[in-house]
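The values are calculated or read from the model by the stated rules, or taken from the named source; none is laboratory data. If you're wondering where the values come from, they're calculated on a predicted model, not measured in any experiment. Don't worry about glycine lacking a Cβ; one is built from the backbone with ideal geometry, like all the others, and counts go over all protein chains shown. Surface areas here come from the heavy atoms of the whole protein model, side chains and all, with no ligands, DNA or RNA. Shrake-Rupley method; radii C 1.70, N 1.55, O 1.52, S 1.80 Å.
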Amino acid sequence: MGTKIIPYSDGEVIEWRWWSDNKLISFQLFASCFLIDGLLVDANAPGSEKDLRKWVNKLGGKNHINSCFLTHFHEDHAGGAPMLKKEFDVPIYASTLTVPYLKKGYKYRFYRKTYWGRKGQKSVIVEPIKGPLKTQSGKYSFELFPMPGHSPDLTALIDKKNQIAFVGDAIMYKYGYTFGGSSADLYEDISQIYKSPKSLYKITEGMDNLKIFVAHVGMVNRNFIAEKINEIEDLHAKAHKIQKELIDSGYRRQGKIVKEIIKEIWRKGELLQFKILSVGEISRANLVATLLKWPLDS
Ligand SMILES: [Zn+2]
């Protein structure tokens, strides 16, 4: 296991990262949570529990973390929440959409265990809120801003006055694969994923100092959002263009078309281990399929 504490803006926001050191992992991935004025945004993965407890104790327990908000139900965001509630009496908040997913807890597949811990997601009683969510000293007041796509319940927090946003997994570092295929609980549609950063970009117009905290990435600004929007638009146009060329040259089978598009856009073999380990739950083919399903003129 590894942990890392990253302070931003003179410690105004602190990111706590955790990653597994499972030998099977060739492609390292960390989970994050962010602390701002007593509010913890997300709770890291189930496997981080011991390390998270240590960190919270070191901070001073409930005096330093007096509430926790979950951006969505995925285990690498909600994993530490049952422990925070039980041992530190930290109230766990989320949008009304997230609450039912965590009522019962859930198990997940082998490859997710290698990343996020073997135990699975424990159940936790989450208090639904509509916002605004005030922090400990009253300095920050966050609106809830729905950003569905990566998961249907994904909800970001935005404080427009202080120009700070926490968006969880609503934005990815790079778009090369999506969840889908064999998995129903983790289905992503790129056309929906695209709409969320678009609307975030729109409602934050003129906020030149906006600090956006993204899970698995860190702190970014509005330009990063614009880059991601362009990246998706570019992939969308490319996938359709290549599909047209393939059909014009006689390709008929959709599976074959998707394979050829992947070959042309990305390096061959890249991320193959991910695809195999996840039994298709994560793959480039999932992404290409939803890129093609999304009409060009919409
Ligand atoms: Zn997620």
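Data for the structure
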quantity	calculated
Residue satisfying condition, being crowded, with 20+ Cβ neighbours inside 10 Å and not assigned by TED's automatic domain parsing to the domain that holds ILE14, within set ALA239, ALA215	ALA239
Flag for GLU75 being open to solvent by less than 10 Å² (accessible area, probe 1.4 Å), farther than 22 Å from THR135 by Cβ and touching a helix residue (DSSP H, G or I) at 6+ places or on another chain (Cβ under 7 Å)	yes
Looking only at the stretch 131-147, and only at residues there that are at pLDDT 95 or above and assigned to a loop (DSSP other than H, G, I, E, B), the one that is farthest from THR290 (Cα to Cα)	SER137
Some residue of the stretch 171-191 being assigned to a helix (DSSP H, G or I), at pLDDT below 95 and more than 29 Å from GLY38 (Cβ to Cβ)	yes
Matching option when the condition is under 24 Å from HIS216 (Cβ atoms), open to solvent by 10 Å² or more (accessible area, probe 1.4 Å) and more than 16 Å from the ligand (Cβ to nearest atom), among ARG53, ARG109	ARG53
Enumeration of residues in the stretch 192-210 that are β-branched (Val, Ile, Thr) and in a helix (DSSP H, G or I)	ILE193, ILE203
Test: residue in the stretch 99-106 that is more than 16 Å from the ligand (Cβ to nearest atom) and crowded, with 18+ Cβ neighbours inside 10 Å	yes
Of the criteria (1) open to solvent by 20 Å² or more (accessible area, probe 1.4 Å); (2) outside any loop (DSSP other than H, G, I, E, B), which one ILE225 fails	(1)
Residues of the stretch 141-166 classified as touching a strand residue (DSSP E or B) at 6+ places or on another chain (Cβ under 7 Å) and within 11 Å of the ligand (Cβ to nearest atom), total	1
